[in-house]
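Structure first, then comments.
Every number in this text was worked out from the coordinates using simple rules, so none of it is lab data. Keep in mind that this is a model prediction, so the values were computed, not measured. Cβ: placed from backbone, ideal geometry, glycine included. Neighbour counts: every protein chain shown.
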Amino acid sequence: MQGIAVDRLGKRFGATPVLRDVSLRVAAGEFLALVGPSGCGKSTLLRSIAGIEHPDSGRIQIGGRDVTGLRPSQRDVAMVFQSYALYPQLTVEENIAVPLAMRRLNAAQRLPLVGGWMPGARAARDSITRDVRQAASSLGLGALLGRRPGQLSGGQRQRVALARAIVRRPAAFLMDEPLSNLDASLRVQTRREIVAIHRAAGVATVYVTHDQSEALTMADRVAVMQAGEILQVASPAEIYADPQDLRVATFIGSPR
Ligand code: ADP
Ligand code: MG
């Protein structure tokens, strides 16, 4: 299938099982919120999909390809972290360009170099500049291209991280509590922007949060996780009104 298909992922840290045979489907164009209490395995699942954590068992497909053994750069995903993970010494424009420059570099390793001259280098540079400026302006960063992360507010840094995620047009967005460092008013505004970015890109998005209200307001479907297992996956209305069991009801705060 297009989108993301996770089949029976298992992962232990030492003797402790952190993912217990987790299966999950996220369609292309779908926004799935993964919620659950701290320590239940959300980040481990997301990082496994991204390829920066290695599960002990199970399979992962992205965009119709089995990516189980592939490196993060080969998986066609973009990950946004709570910490933003920007390069402090690079400008906004350069930070956003990093994924494109890396892709270009990977491709160049397979091309013959003619006396140090990379075929199509100028055209490639121009197209990177164009894509970077487009991503930046879609997030209202057009006037900040020359600044460095240290000269930006938290909200602006978060936008740079988002622009860097969309610039490559990946098949999947993976976001790990991307709003938790923002203050309350900015968080509500940025929620809407993240959903808009997701819709415009038409990708499969997995959005990790421990905030139930965030999940219920942003997502097409909500997956509730606890102690390494996914308890229920359903629409926000269904999760809220018809929780599968007491654990889901308690976490979501459903009326009883
Ligand atoms: P969440 O994102 O839901 O808070 P995590 O996926 O980060 O949960 O962690 C799940 C469990 O795995 C926690 O008990 C955590 O302490 C443990 N854990 C996560 N990463 C490691 C690691 N690298 N080594 C050992 N234990 C880990
Ligand atoms: Mg986490």
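Treat the count of other C-beta atoms within 10 Å as a stand-in for reagent exposure and order H54, H198, H210 from fewest to most.
Lowest count first: H54, H210, H198.
In a Gaussian network model over the chain where Cα atoms closer than 10 Å are linked, find which of A135, A163, A200 has the largest mean-square fluctuation.
Per the Cα network of the chain with a 10 Å cutoff, A200 tops the list.
Taking the Cβ of L45 as the center, what net charge do the other residues with Cβ under 9 Å away carry, scoring Lys and Arg +1 and Asp and Glu -1?
In short, +2.
So what is the relative contact order for segment 121-235, in percent, with contacts set as C-alpha pairs under 8 Å and at least six apart?
19 percent.
Sorting V98, V224, V167 on the 10 Å Cβ count, fewest up front, what's the list?
V98, V167, V224
By counting other Cβ atoms within 10 Å of each Cβ, how are L86, L45 ranked from fewest to most?
Starting with the residue having the fewest Cβ neighbours, the order is L86, L45.
Per the helix-only calculation at 222 nm, which mean residue ellipticity applies to the chain, given -39500 (n - 2.57) for every DSSP H run of n ≥ 4 and division by its residues, nearest 500 deg cm²/dmol?
Estimated from H runs of four or more residues: -11500 deg cm²/dmol.
Please give the length that would be gained between A121 and Q244 if that part of the chain were fully extended, namely 0.36 nm times their separation in residues minus their C-alpha to C-alpha distance (nm, one decimal).
Extra length from A121 to Q244 when fully extended: 38.7 nm.
With labels modelled as points extended 7 Å from the Cα through the Cβ direction, what inter-label distance (nm, one decimal) is found for E94 paired with A28?
Here the modelled spin labels are 3.6 nm apart.
Tell me, what HN-Hα J-couplings in whole Hz come from the Karplus equation 6.51 cos²θ - 1.76 cosθ + 1.60 at θ = phi - 60° for each residue of segment 92-100, using x for Gly and Pro?
4, 4, 5, 4, 5, 6, 3, x, 6
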